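Below you will find the structure I want to go over with you.
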Amino acid sequence: MFIATGLSFLDRQVLSVLAPSLMMELGMNNADYSHVVSAFTFSYMVMFTAGGWLVDKVGTRWGLALSIAVWSVASGAHGFVASAFGLIVARLFLGFGEGSCFPASTKGACEWFPPVKRTVAIGIANGGAAFGAVLAPPLTVWTALRFGWRGAFFATGLIGFAWVLAWWIATSGRDSVSLQRRSSPVVATHHVPWRQLLGDSRVWRILAARFCFDPVFYFYMFWIPKYLSDERGFSLKEIGQYTWIPFLAFGISSIASGQFSDLLVRRGRSSRRTRAWLLVIAALVTPVSGLVVVAPSAGWAIGLMAVLMAAHGLWINNFLADIGDQFPSSVIATMVGLSGTVGGIAGTIANLSTGPVVDAYGFKPIFICTSLLYPLAVTVLLAGRQSQTPATS
């Protein structure tokens with residue numbers, strides 16, 4: 001699952017790394033690029049809920065295999081495009097494939113590990129995303145300089161199919177149900193109707209919080225190479241050399257924060273209270289993002305981005321672990337998927353706005369907004385928490 005989430009970020013990051021040179025070749029401006037990015041976030045947000053529901057039905061083994069098979073075809077198809085419209089179509093199908101990945105990996109981590117190991121399991125399973133993003137810049141640049149930008153997309157498609165084959169062999173004879181029975185999860189498995197799920201006040205707080213914070217991560221994922229190219233004068237080679245650093249901070253934080261959170265739970269602290277305090281700490285760190293545009297050098301700017309991404313690693317693992325603590329395993333993928341859809345809606349709106357804003361005013365307004373959204377999200381998530389009425393327990 002670590003490798004699966006790594007491939008998901010590797011595949012989606014190829015476009016952002018190549019964006020400066022690819023946009024020039026295809027005659028695209030920032031508004032065109034925002035449409036291409038939004039095509040991915042639109043299909044991704046739709047499939048997050050649909051894919052989460054599907055994974056809850058067919059299990060993690062089938063869910064991940066189908067997910068990566070679809071997005072590997074879509075990733076390779078990027079290499080055949082000749083216009084912005086072609087990129088839009090390819091990104092749509094990439095999003096449809098990738099939408100199931102994180103619901104599946106989170107479900108596997110939550111149902112196969114007890115609460116005292118759950119956060120670190122989520123951190124490792126989903127932490128692959130960060131390391132995929134770390135590999136994406138240098139690997140993409142290396143491949144593109146030798147085989148062209150189309151070759152970079154073909155390569156990611158082939159890697160994806162190799163993973164599907166390895167996964168299918170490795171999990172032969174094992175399924176979500178049999179693993180779940182051996183792992184003794186604390187939260188019982190039972191079906192929860194959609195009406196009951198959507199009638200739970202906890203669900204709406206989770207969705208509202210994700211609507212607030214997801215646009216920040218989408219911006220960092222798709223626009224940082226453009227920022228470094230436009231505002232800091234980075235070449236394609238320099239983008240490959242340096243843009244992996246914030247994502248490395250994210251990966252290290254994802255795993256380390258999961259271990260720390262689980263350590264506190266093993267020592268007898270309430271799991272939900274532990275997650276809440278760590279979410280607050282992460283949110284209080286994220287305003288450093290607003291300082292990127294006034295950083296005296298590109299090195300300082302990248303360092304501040306790394307701090308933001310480290311805070312996101314602390315945030316997202318505890319956010320997902322808190323979902324696992326609150327809901328039965330039969331709806332964990334659905335809940336993660338539903339929250340991802342809401343975050344994708346926010347990300348799509350944000351991406352459609354980013355291009356025109358950058359064309360008119362530069363990146364400064366965007367970075368200022370990114371400094372405010374996590375504190376807003378934690379306020380929404382935790383305010384009135386004691387008075388929430390569970391409808392799905």
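Bin all alpha-carbon pair distances of the chain at 10 Å intervals from 0 and give each bin's fraction as a whole percent.
Using 10 Å bins, I get a P(r) of 5, 25, 36, 24, 9, 1 for the chain.
Next question, about the same structure. What lysines could a cross-link reach from Lys57, if we take a straight Cα to Cα line under 30 Å and drop same-chain neighbours fewer than 8 places away?
Candidates past the 8-residue exclusion: Lys107, Lys117.
Here is a follow-up. Please report the net charge: other residues with Cβ closer than 13 Å to the Cβ of Gly258, K and R +1, D and E -1. Don't skip to the answer; put the middle values down first.
Numbers: positive: Lys117, Arg118, Arg266, Arg275; negative: Asp262, Asp322.
Summing Lys and Arg as +1 and Asp and Glu as -1 gives +2.
Here's something else I'd like to know. Let me have the 222 nm mean residue ellipticity of the chain computed from DSSP H runs of 4+ only, each contributing -39500 (n - 2.57), with the sum over all residues rounded to the nearest 500. Don't jump to the answer; show the numbers that get you there.
Numbers: 16 runs with 318 residues, N = 393.
The helix contribution divided over the chain gives -28000 deg cm²/dmol.
Report the gain in length on full extension from Ala208 to Met24: 0.36 nm times residue separation, minus Cα-Cα distance, nm rounded to one decimal.
My answer for the length gained is 62.5 nm.
What FRET efficiency, computed as 1/(1 + (r/R0)^6) with R0 = 35 Å and r the Cβ-Cβ distance, is obtained for Ala31 and Ala383, rounded to the nearest 0.05? Working shown, then result.
Values: r = 37 Å, r/R0 = 1.05.
About 0.45, to the nearest 0.05.
First select every other residue whose beta carbon is under 10 angstrom from the beta carbon of Val116; then total the charges, Lys and Arg +1, Asp and Glu -1. Could you put the intermediate results ahead of the total?
On the way: positive: Lys117, Arg118, Arg266, Arg267; negative: Asp262.
Here the charged neighbours net out to +3.
Return the FRET efficiency for the residue pair Arg269, Leu372: r is the Cβ-Cβ distance, R0 is 25 Å, and the value is rounded to the nearest 0.05. Walk me through the intermediate numbers first.
Values: r = 30 Å, r/R0 = 1.19.
Result of the calculation: an efficiency of 0.25.
Let me ask something else. Going by how many other Cβ atoms sit within 10 Å of their own, how do Met309, Met45 line up, fewest first? Spell out each step's value before the answer.
Values: Met309 28, Met45 23.
If I rank by nearby Cβ atoms, fewest first, I get Met45, Met309.
What is the order of Trp315, Trp163, fewest Cβ neighbours within 10 Å to most? Could the numbers behind the result be given before it?
Numbers: Trp315 28, Trp163 18.
So the ranking, lowest neighbour count to highest, is Trp163, Trp315.
Please sort 272-284, 116-128, 58-70 by packing, taking for each peptide the average over its residues of neighbouring beta carbons within 10 angstrom, highest first.
Peptide ranking by packing, descending: 116-128, 58-70, 272-284.
Run the simple label-point estimate for Leu145 and Ala170 please: 7 Å along Cα→C-beta, distance reported in nm.
Using points 7 Å along Cα→Cβ, the separation is 3.1 nm.
Beyond 24 Å, how much of the Cα-Cα pair distribution for the range 1-112 remains, as a whole percent? Provide the component values of the computation, followed by the final result.
Details: 1621 of 6216 pairs.
Roughly 26 percent, rounded to a whole number.
In sequence order, what are the phi-derived ³J(HN,Hα) couplings for the range 49-66 according to the Karplus relation 6.51 cos²θ - 1.76 cosθ + 1.60 with θ = phi - 60°, rounded to whole Hz, with x for glycine and proline?
Computed from phi, the couplings for the range 49-66 are 6, 4, x, x, 4, 4, 5, 4, 7, 9, x, 5, 4, 5, x, 5, 4, 5 Hz.
Taking the range 279-345 as the region of interest, what is the percent of Cα-Cα pairs per 10 angstrom bin, listed from the shortest bin to the one with the maximum distance?
Taking all Cα pairs of the range 279-345, the binned fractions are 20, 35, 28, 14, 4 percent.
Send over the per residue convex hull volume for the range 30-179, Cα only, as a whole number of Å³.
On the way: hull volume 17.4 nm³, N = 150.
Value for the range 30-179: 116 Å³ per residue.
Moving to a separate point now. Arrange Cys369, Cys212 by Cβ neighbour counts within 10 Å, fewest through most, would you? Don't jump to the answer; show the numbers that get you there.
Values: Cys369 18, Cys212 21.
Result, fewest neighbours first: Cys369, Cys212.
Further question on the same structure: Please work out how much length the chain gains when fully extended from Ala82 to Val280, using 0.36 nm per residue of separation minus the C-alpha to C-alpha distance, in nm with one decimal.
Values: separation 198, 0.36 × 198 = 71.28 nm, distance 4.59 nm.
Answer, rounded to one decimal: 66.7 nm.
I want to verify a result. In a Gaussian network model of the chain, Cα cutoff 10 Å, which of these has the top mean-square fluctuation: Glu238, Glu111, Glu25?
Glu25
Mind checking which aspartates and glutamates have their Cα closer than 15 Å to the Cα of Lys364? Skip sequence neighbours fewer than 8 apart in that chain.
Partners found: Asp230, Glu231.
Turning to a different aspect of this structure: Gain in length, Val294 to Lys57, computed as 0.36 nm per residue apart minus the alpha-carbon separation, to one decimal in nm? All intermediate terms of the calculation are to be shown ahead of the outcome.
Working: separation 237, 0.36 × 237 = 85.32 nm, distance 4.88 nm.
Contour length minus Cα-Cα distance gives 80.4 nm.
Whole angstrom only: what separates the Cα centroid of the range 75-142 from the Cα centroid of the range 330-385?
With the range 75-142 and the range 330-385 each reduced to a Cα centre, they are spaced 18 Å.
The numbers here are math on the coordinates, done by the rules we state, and not lab data. Predicted model only: the values in this text are computed from it and were never measured. Neighbour counts are summed over all protein chains in view; Cβ atoms, including those assigned to glycine, are modelled from backbone coordinates with ideal geometry.
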